[in-house]
Amino acid sequence: MTNLFGQLINLFAALLLLIAFAMLSQRRVLSLINLFAFQGLVLSVSTAIVAWSSSQHHLYYSAALTLLLKVLVLPWILHRLIRRLNVKWDVETMFNIPTTMLVGIALVVFAFNLAAPISQMAGTITKGTLGIAMASVLLSFLMMITRSKAVPQVIGFLAMENGLFFAATSATYGMPMVVELGIALDVLVGMFILGIFFFQIRETFDSLDLKHMEKLKEE
Amino acid sequence: MEILWTLAIPLIGGLLLALFGGRRFAPELNSAMSLGTFVAAAALTVRVITDGPITALNEQFFVDSFNVFLVALTALVGLTTSLFSRPYMRIEQHHGKLSVNMLRLYHSMYQLFTFTMLLALLTNNLGIMWVAMEAATLTTVLLVSLYRTPASLEAAWKYFILCGVGIAQALFGTILVYFAAEKLLGAGGNALLWTHLDSVKAHLEPTVLSLAFVFLLVGYGTKVGLAPLHNWLPDAHAEGPTPVSAVLSGLLLNVALYAVMRSKVLVDGALGSHFAGDLMMGFGLLSVVMAAFFLSRQKDVKRMFAYSSIEHMGLMTFAFGMGGPVATFAGMLHMTVHSLTKSAIFFAVGHATQKAGTQLMENIRGLIKTSPTIGWGLVIGSLAILGMPPFGVFASEFMIITTAMHTYPWTTPFLLTALGVAFAAIFSRVQTMVFGETVGQRLPHPPALVPVFVHLGLVLLLGLYIPPYLAVWYRQAAALIG
């Protein structure tokens, strides 16, 4: 039985990594939001499986919280935002996608090496997935660097938070509940503030392209 | 009980000002809430000094002599900045830069920012500390973009993204600490309580903790403004309203460094080596040197003093990294005097830029002639921050450099060169700003200069004479964090 669960968890972890790569190469804002929601769903389901297999009941709450926040609320806000901002069909011109993917693969290798000594010490059923968690954090980071528009950058930021959440689940069966609630609150408030911010940026620059925002330089 | 009041007053203040923050009496209400916070923090300080460390609410909050001095400092600078912001924001409104809604946002966020700072300091839970640090970014990001100018929006975006990414690293570090602690303390909330971690620190897994510290230092270090992660800092300081620059420099950077120090104690306990200290010394020294050279190339007065903050934060990080009683004592003294001096400078600079109508230093002239108090405030503040005796900054810098000469002699030339370059840069700029002829306009409201001279008076006092109880207090704290 544990073996089956272990394999299921690995399967979902693999899906998570796949989504991270898909996000890295996705140029359309709308699809990016859908991918983000899908990532949240995978995260939530895999957390629930971990909760079931390890009988860690507080993880059910985490799974429910993830489902509510990252699958329903945040994508909903993002959808509304892009509709109101008229960037729904935006396609981003990106710097060489194959190169980005190759850099991404290198990051995955690096993440697995970094995680190896830690996952050996972990006593959780999910210890093998810590490398994937770190890889998805790094891939989201790469995504933020390669994007020049505001909305994709923010989605990268949120995806990074997903990766961190996954890391917490795989290494330690999740953080204490009070901390998780606090983090969720921060993410939610942050999203609202970013929403306000998008409107301010567009009002001032007439676009959400961050290329206009390169005036402040270190001299 | 005092802990609850210290946290409740700014939180209530934030909510009240969200409703009434645009009214005519809002600046006074803001100051009154900050005064309340200060009184509660003072009561807490007195209690901790007489009774020793205390915990409250199932150990969720914890105060010892290390964080209580930062609580007192935070509440004090919060109070004086709110006093300064009364006329400052009225003048800004008079100049047509702010609407009523913007003022409401400003006042509410000011109180909530104080709340998050105090929460980060008082909480015993490393996870909650992270949450509070992130919340501090969130409360200030809309303040940096308050004027809605292209430059301020860019600065706020950079601030949000860089600090957000940085603090995400710190979250990973916290997860790793929890991972190591959970094995000894069991799963659940207690494994992240600092007091519990401190009691078992010698048994924490060293490899995990050293990796965790790298992430924590990079994460919180971004907020401290350590080079090369400092990019957000000059922009956020230059583009936001001046009271925000004052609290960012005077408070936020300190609290972020506090978070690094709490982690360092655990890592030192687990590793028994100087690994954490070496990393901090490296980052600190790099920040000092880099900031000093960037300082001399600035044209904007607030940017220049922002780089000076990076330099001083680097110096403190370096001092804490060296460790030992003298350097740690000096680091804490430097934290105190830097906060007081830098916020005083920002107060004076704020009014000076309002008079000149620009932040470009070449257009600010003859402050002493038109408004002697602002001019002298700026001169005295700059001399103090540059480490001239008899101010407190001299005392702490002297202790840091002499310790460095004894234990790490190779760092001395770097430190002295950097301090010299910074001196030349700031002093010559300030000189041209305060002397000479001027065309400045009169301010529509009398400026608030009492906070400037109160701060500088305290810095002078700390340079001439550190009261014995304060010295005992610093020494206790230094013993705690080694």
Practice task
Output the residues belonging to region A:71-100 that are in a helix (DSSP H, G or I), touching a residue at least 60 places away in the same chain (Cβ under 8 Å), touching a Ser or Thr at 6+ places or on another chain (Cβ under 7 Å) and surrounded by 15 or more Cβ atoms within 10 Å (Cβ to Cβ).
Solution key: A:THR100
Problem - Hits in region A:135-153 (condition: crowded, with 24+ Cβ neighbours inside 10 Å and without any contact (Cβ under 8 Å) to a residue 60 or more places away in the chain) - result: A:VAL137
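From the residues in region A:132-175 that are of a type in the set (Val, Ile, Thr) and over 27 Å from A:LEU208 (Cα atoms), which one is farthest from the other protein chains (Cβ to nearest Cβ)?
Going through region A:132-175, the residues of a type in the set (Val, Ile, Thr) turn out to be A:132, A:137, A:145-146, A:151, A:154-155, A:169, A:172.
Restricting the remaining residues to those that are over 27 Å from A:LEU208 (Cα atoms) gives A:132, A:169, A:172.
Working: A:ILE132: 14, A:THR169: 10, A:THR172: 5 Å.
Only one residue fits best here, namely A:ILE132.
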Handout entry: Options B:THR411, B:THR407, B:THR438, B:THR417: the member that is modelled with pLDDT of 90 or more and surrounded by 15 or more Cβ atoms within 10 Å (Cβ to Cβ)
Key = B:THR411
Problem - A:VAL178, sole failed condition from (1) surrounded by fewer than 21 Cβ atoms within 10 Å (Cβ to Cβ); (2) more than 7 Å from chain B (Cβ to nearest Cβ); (3) at pLDDT below 90 - result: (2)
Exercise for the section: May I ask you to list the residues in region B:127-151 that are touching a strand residue (DSSP E or B) at 6+ places or on another chain (Cβ under 8 Å) and either surrounded by 24 or more Cβ atoms within 10 Å (Cβ to Cβ) or more than 10 Å from every other protein chain (Cβ to nearest Cβ) (or both)? Expected result: B:MET129
Fill in the blank from the handout: Out of (1) outside any helix (DSSP H, G or I); (2) crowded, with 21+ Cβ neighbours inside 10 Å, the one B:ARG297 does not meet is (2)
Fill in the blank from the handout: Counted residues in region A:113-129 being surrounded by 16 or more Cβ atoms within 10 Å (Cβ to Cβ), more than 9 Å from chain B (Cβ to nearest Cβ) and not polar (S, T, N, Q) come to 4
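Answer yes or no as to whether A:ILE82 is over 19 Å from A:ILE132 (Cβ atoms), aliphatic (A, V, I, L, M) and over 15 Å from the mean Cα position of the chain (by Cα). Even if it seems obvious, please write down each step before you answer.
On the way: over 19 Å from A:ILE132 (Cβ atoms): yes; aliphatic (A, V, I, L, M): yes; over 15 Å from the mean Cα position of the chain (by Cα): yes.
Judged against the criteria, A:ILE82 is a match.
Of everything in region B:58-81, what is in a loop (DSSP other than H, G, I, E, B) and in contact (Cβ under 8 Å) with a residue 40 or more places away in the chain? Give them in sequence order. Spell out the reasoning first.
First, pick out the residues of region B:58-81 that are in a loop (DSSP other than H, G, I, E, B): B:58-60, B:64.
Within region B:58-81, B:GLU59, B:GLN60, B:ASP64 qualify.
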Exercise for the section: Write out, first by first residue and then by second, each pair whose Cβ atoms fall under 7 Å of each other, whose residues are 6+ apart or on separate chains, and whose first residue, in region B:102-124, is among the small types (Gly, Ala, Ser) while the second is buried (at least 24 other Cβ atoms within 10 Å of the Cβ). Expected result: B:SER108/B:LEU17; B:SER108/B:GLY21; B:ALA120/B:MET129; B:ALA120/B:MET133; B:ALA120/B:ALA136; B:ALA120/B:VAL255; B:ALA120/B:ALA259
Exercise for the section: Look through B:LYS223, B:LYS201 and report the one residue that is under 12 Å from the mean Cα position of the chain (by Cα), among the charged types (D, E, K, R) and under 29 Å from A:LEU114 (Cα atoms). Expected result: B:LYS223
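On the given criteria, is B:GLU182 within 8 Å of chain A (Cβ to nearest Cβ) and free of Cβ contacts under 8 Å to residues at least 12 places away in the same chain? Steps first, please.
Working: within 8 Å of chain A (Cβ to nearest Cβ): yes; free of Cβ contacts under 8 Å to residues at least 12 places away in the same chain: yes.
It is true that B:GLU182 is within 8 Å of chain A (Cβ to nearest Cβ) and free of Cβ contacts under 8 Å to residues at least 12 places away in the same chain.
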Handout entry: Wholly enclosed helices (runs of 4 or more DSSP H) of region B:314-411 bearing at least 1 residues in contact (Cβ under 8 Å) with a residue 12 or more places away in the chain and basic (Lys, Arg)
Key = B:325-356, B:367-370
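Select from region B:441-459 the residues that are touching a Leu at 6+ places or on another chain (Cβ under 8 Å), crowded, with 16+ Cβ neighbours inside 10 Å and in a helix (DSSP H, G or I) and list them in ascending order.
Within region B:441-459, B:PRO451, B:HIS455, B:LEU456, B:LEU458, B:VAL459 meet the criteria.
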Problem - Enumeration of residues in region B:62-91 that are in contact with a strand residue (DSSP E or B) (Cβ under 6 Å, 6 or more places away or on another chain) and among the aromatic types (Phe, Trp, Tyr) - result: B:PHE62
Handout entry: Sole exception among (1) assigned to a helix (DSSP H, G or I); (2) at pLDDT below 95 for B:PRO228, by number
Key = (1)
Problem - Output for region A:181-217, where each listed residue is more than 9 Å from chain B (Cβ to nearest Cβ), in a loop (DSSP other than H, G, I, E, B) and acidic (Asp, Glu) - result: A:ASP206
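The values are calculated or read from the model by the stated rules, or taken from the named source; none is laboratory data. Because the structure is predicted, anything quoted here is derived from the model rather than measured. Cβ: placed from backbone, ideal geometry, glycine included. Neighbour counts: every protein chain shown.
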